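Single-structure report; data block below.
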């Protein structure tokens, strides 16, 4: 799985001006919020400072819903790690972390179902909305030669997105297209 880590800080130590905490690799906790909770509790017990924690740093791509909180749901973190692992495994995506994070930021929805939603709605990677519109049209319709030059693929692709038929997510210059069903 792609790098997906969180730094969990001991808040009692932090409030005393000391930095105590640990990086947790979420690949180890994909779908296992209870295991993550147990390991955080063990870290806090080792420090002997208290039982409150906060996430003070992230390594990897996380959706805004997670990044915007010092105390995101451990269930949400574990489900997110599991979704990334599923997309990476089932779709063979090397940068599944960024795709899942961008998908959740753009479309929203339940983290628990994100891998299934991506698998069902993902249409591929394109250079532009125009390229997607042209490919879709040519795959589903016969365009007479005398009309080829009158089609504005840019407007057609933009209208598909504005009209709510598709959503696009730009990751590193690649445009990933999803159906909005």
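The values are calculated or read from the model by the stated rules, or taken from the named source; none is laboratory data. Because the structure is a prediction, the values reported are computed rather than measured. Note that we place each Cβ from the backbone using ideal geometry, even for glycine, and neighbour counts take in every protein chain shown.
Just checking, does region 46-56 include any residue being part of a helix (DSSP H, G or I) and under 21 Å from residue 23 (Cβ atoms)?
Yes, because at least one residue in region 46-56 is part of a helix (DSSP H, G or I) and under 21 Å from residue 23 (Cβ atoms).
Evaluate the following for residue 105: is it under 22 Å from residue 36 (Cα atoms) and assigned to a helix (DSSP H, G or I)?
Answer is no for this residue.
Which of (1) modelled with pLDDT of 90 or more; (2) in a loop (DSSP other than H, G, I, E, B); (3) closer than 19 Å to residue 166 by Cβ is the odd one out, the single condition residue 136 does not satisfy?
Of everything listed in (1) modelled with pLDDT of 90 or more; (2) in a loop (DSSP other than H, G, I, E, B); (3) closer than 19 Å to residue 166 by Cβ, residue 136 misses just condition (2).
Here are some conditions: (1) free of Cβ contacts under 8 Å to residues at least 12 places away in the same chain; (2) outside any helix (DSSP H, G or I). Residue 123 meets all but one. Which one does it not meet?
Failed condition: (1).
Can you tell me which residue among 124, 163 is surrounded by fewer than 13 Cβ atoms within 10 Å (Cβ to Cβ), at pLDDT 90 or above, touching a strand residue (DSSP E or B) at 6+ places or on another chain (Cβ under 7 Å) and over 30 Å from residue 74 (Cβ atoms)?
Exactly one residue qualifies, and that residue is 124.
Scan 100, 114 and give me the residue that is out of contact with any strand residue (DSSP E or B) (no Cβ under 8 Å at 6 or more places or on another chain), under 30 Å from residue 53 (Cβ atoms) and either surrounded by fewer than 17 Cβ atoms within 10 Å (Cβ to Cβ) or modelled with pLDDT of 90 or more (or both).
Result of the check over 100, 114: 100.
For the condition buried (at least 20 other Cβ atoms within 10 Å of the Cβ) and within 19 Å of residue 117 (Cβ to Cβ), what is the one hit in 65, 82?
82
Which one of these is over 29 Å from residue 98 (Cα atoms) and without any contact (Cβ under 8 Å) to a residue 12 or more places away in the chain: 12, 42?
The match here is 42.
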